[in-house]
Amino acid sequence: MKHFLSINDVTDLNQLITSGIASKRNPFADIELGKNKTIGLLFFNSSLRTRISTQKAAQNLGLNVITMNVGQDGWGLEMEEGVIMNGDKAEHVKEAAAVIGSYCDIIGIRSFAGLQDRDKDYAEIVFQQFKKYAEVPIINLESATRHPLQSLADCITIEEFKIKQRPKVVLTWLPHFKALPQAVANSFCEWMNPMDVELVITHPEGYNLAPEFVGKGQVIYDQDKALEGADFVYGKNWSSYEHYGQVLTSDPSWMITEAKMSLTDNGKFMHCLPLRRNMKVADEVLDGPRSLVIEQAANREWSAQAALREVLLHI
Ligand code: CP
């Protein structure tokens, strides 16, 4: 049994990227692989791209798909062991995961960080509990600390659009008034580390990501300096890891504009979406030829298909 929770579950990244690109060219080549099998997609949080792209990828592989908004439609799930369940949670994950695992051959889960308790979020308790009790492969549809299907789509997009053997990829923090998780930024760094790229990370002081995700990434606090000569600019907001879950600044000078992009080497702009226009990124960038956000989102189907194919091959 093979889970897909992080890059640690990938044995050959190049092969996975190639598989995604091959699926894009021939989406139904493996339609027999998932025949008479079912995937359950459980959403504890909202989604547009992840929900639709994963469902489409699963159908391309012949899988039956069941999608559930657990956060809205299901019983409240208790994740802690040994507690007296006299609160608002009506069902324990021990039963819920085992029951869903009896209906489904694969389970995909989205469960974001609460941003209140760093240790709890970084322990990924929802995923650990489903892994323990469901007895089927678990797919990460975005967890508290990672978003691997997004990161694989980002790798595919960079591979498709790079015009240099070793492009400069800059992950830049963007301003936002709300506290958002570190998952996309963490995961992007984690997946860029084994890629043949020069990885630069720029953010205001106090927004350092956890060191285990940064890896070979060079941190530069001056955004203009970091953007110099970039081939790809990857924008994302995240709240502080050090001062966990806090918004320390929403300085508008960190918004990506054409003036910022002119510092790059004719760089392309990427963002996982959704995003708030003219707060994080200016219309002129998103509506111009530098933006890859739609191509990147479209590649979510092929990243999901590559990951599901790999899991199905090991069931
Ligand atoms: N990028 C991404 O995961 O989009 P959704 O939140 O809409 O799924």
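The values are calculated or read from the model by the stated rules, or taken from the named source; none is laboratory data. The structure presented is a predicted model; accordingly, all values stated were derived computationally and were not measured. Quick reminder, even Gly has a Cβ in these numbers, built from the backbone with ideal geometry, and neighbours come from all protein chains shown. Quick note on the areas: whole protein, heavy atoms, side chains included, nothing else; ligands and nucleic acids left out. Shrake-Rupley method; radii C 1.70, N 1.55, O 1.52, S 1.80 Å.
At-a-glance table
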{"read-out": "Those residues of segment 211-252 which are among the aliphatic types (A, V, I, L, M) and either surrounded by fewer than 19 Cβ atoms within 10 Å (Cβ to Cβ) or outside the structural domain of residue 173 (by the TED database) (or both), in sequence order", "value": "219, 220, 247, 248"}
{"read-out": "Filter result for residue 6 (open to solvent by 40 Å² or more (accessible area, probe 1.4 Å), within 16 Å of the ligand (Cβ to nearest atom), within 21 Å of the chain's Cα centre (by Cα) and not basic (Lys, Arg))", "value": "no"}
{"read-out": "Test result for residue 46, exposed (fewer than 15 other Cβ atoms within 10 Å of the Cβ) and either part of a strand (DSSP E or B) or within 16 Å of the ligand (Cβ to nearest atom) (or both)", "value": "yes"}
{"read-out": "Of residues in segment 254-281 being part of a strand (DSSP E or B) and either open to solvent by 20 Å² or more (accessible area, probe 1.4 Å) or closer than 24 Å to residue 51 by Cα (or both), the one farthest from the ligand (Cβ to nearest atom)", "value": "268"}
{"read-out": "Residue that is nearest to residue 38 (Cα to Cα), among those in segment 100-156 that are in a helix (DSSP H, G or I) and charged (D, E, K, R)", "value": "131"}
{"read-out": "Positions within segment 214-253 being β-branched (Val, Ile, Thr), in a loop (DSSP other than H, G, I, E, B) and in contact with a Phe, Trp or Tyr (Cβ under 9 Å, 6 or more places away or on another chain), in sequence order", "value": "247, 249"}
{"read-out": "Any hit, segment 194-209, residues being surrounded by 22 or more Cβ atoms within 10 Å (Cβ to Cβ) and within 16 Å of the ligand (Cβ to nearest atom)", "value": "no"}
{"read-out": "Residue check, residue 32 closer than 30 Å to residue 296 by Cβ and open to solvent by 70 Å² or more (accessible area, probe 1.4 Å)", "value": "yes"}
{"read-out": "Where a residue in segment 113-140 is closer than 19 Å to residue 96 by Cβ and its partner, wherever it lies, is polar (S, T, N, Q) and buried (at least 22 other Cβ atoms within 10 Å of the Cβ), with Cβ under 7 Å and at least six apart", "value": "124/143; 124/145; 126/111; 127/140; 127/143"}
{"read-out": "Hits in segment 163-181 (condition: open to solvent by less than 10 Å² (accessible area, probe 1.4 Å) and in contact with a strand residue (DSSP E or B) (Cβ under 9 Å, 6 or more places away or on another chain))", "value": "167, 169, 170, 171, 172, 173, 174"}
{"read-out": "From 97, 58, residue being buried (at least 16 other Cβ atoms within 10 Å of the Cβ), modelled with pLDDT of 95 or more, assigned to a helix (DSSP H, G or I) and within 16 Å of the ligand (Cβ to nearest atom)", "value": "58"}
{"read-out": "Selection from segment 100-114 of residues that are surrounded by fewer than 19 Cβ atoms within 10 Å (Cβ to Cβ) and either of a type in the set (A, V, I, L, M) or closer than 12 Å to residue 245 by Cα (or both)", "value": "114"}
{"read-out": "Residue within segment 71-87 that is small (Gly, Ala, Ser), open to solvent by 50 Å² or more (accessible area, probe 1.4 Å) and not in a loop (DSSP other than H, G, I, E, B) present", "value": "yes"}
{"read-out": "Segment 129-156: number of residues that are out of contact with any Leu (no Cβ under 6 Å at 6 or more places or on another chain) and within 16 Å of the ligand (Cβ to nearest atom)", "value": "17"}
{"read-out": "Residues of segment 164-180 classified as more than 16 Å from the ligand (Cβ to nearest atom) and closer than 22 Å to residue 193 by Cβ, total", "value": "9"}
